[in-house]
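The structure appears right after this line, and notes come after that.
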Amino acid sequence: MDPRPIRRDDRRSCPTSARNRVLASLSRVVVLETLREAGRPMGVRELAERMNLHNNTVRKHLDLLVENGFATRLRDSVARRGRHATSITPRCP
């Protein structure tokens, strides 16, 4: 077994057990399934409203899904004040 730490670039190829831990949360799986069923990129607010969860809860789930290669974050090209508007799309339909 290779003892080197997983670099940010290696996350797509991280061990299956690590990726499975991301999907161990039922709420996170529901977030991913909601994205897949939508068939289009969705924003945090829209997902939170659809799932009846707080924006920050959905954002934390999305962060883990994106970091582990289950979803992709798309940044809005329009410049605005505050947090940049982003939408999320699943990597595999």
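Output the qualifying pairs, or none if there are none: Cβ atoms under 8 angstrom, residues six or more apart or on different chains, first residue in region 64-84 and among the basic types (Lys, Arg) and modelled with pLDDT under 70, second residue surrounded by fewer than 15 Cβ atoms within 10 Å (Cβ to Cβ) and assigned to a loop (DSSP other than H, G, I, E, B).
none
Name, by its number, the condition in (1) modelled with pLDDT of 90 or more; (2) surrounded by 15 or more Cβ atoms within 10 Å (Cβ to Cβ) that does not hold for Val22.
With (1) modelled with pLDDT of 90 or more; (2) surrounded by 15 or more Cβ atoms within 10 Å (Cβ to Cβ) applied to Val22, the lone miss is (1).
Is it true that Ser17 is at pLDDT below 70, loosely packed, with under 10 Cβ neighbours inside 10 Å, polar (S, T, N, Q) and within 14 Å of Asn68 (Cα to Cα)?
On the way: at pLDDT below 70: no; loosely packed, with under 10 Cβ neighbours inside 10 Å: yes; polar (S, T, N, Q): yes; within 14 Å of Asn68 (Cα to Cα): yes.
Considered against the rule, which asks whether it is at pLDDT below 70, loosely packed, with under 10 Cβ neighbours inside 10 Å, polar (S, T, N, Q) and within 14 Å of Asn68 (Cα to Cα), Ser17 comes out as no.
The values are calculated or read from the model by the stated rules, or taken from the named source; none is laboratory data. Every value quoted in this text rests on a predicted model; they were computed, and no experiment measured them. As a convention, Cβ positions derive from the backbone with ideal geometry for all residues, glycine included, and neighbour counts pool all protein chains shown.
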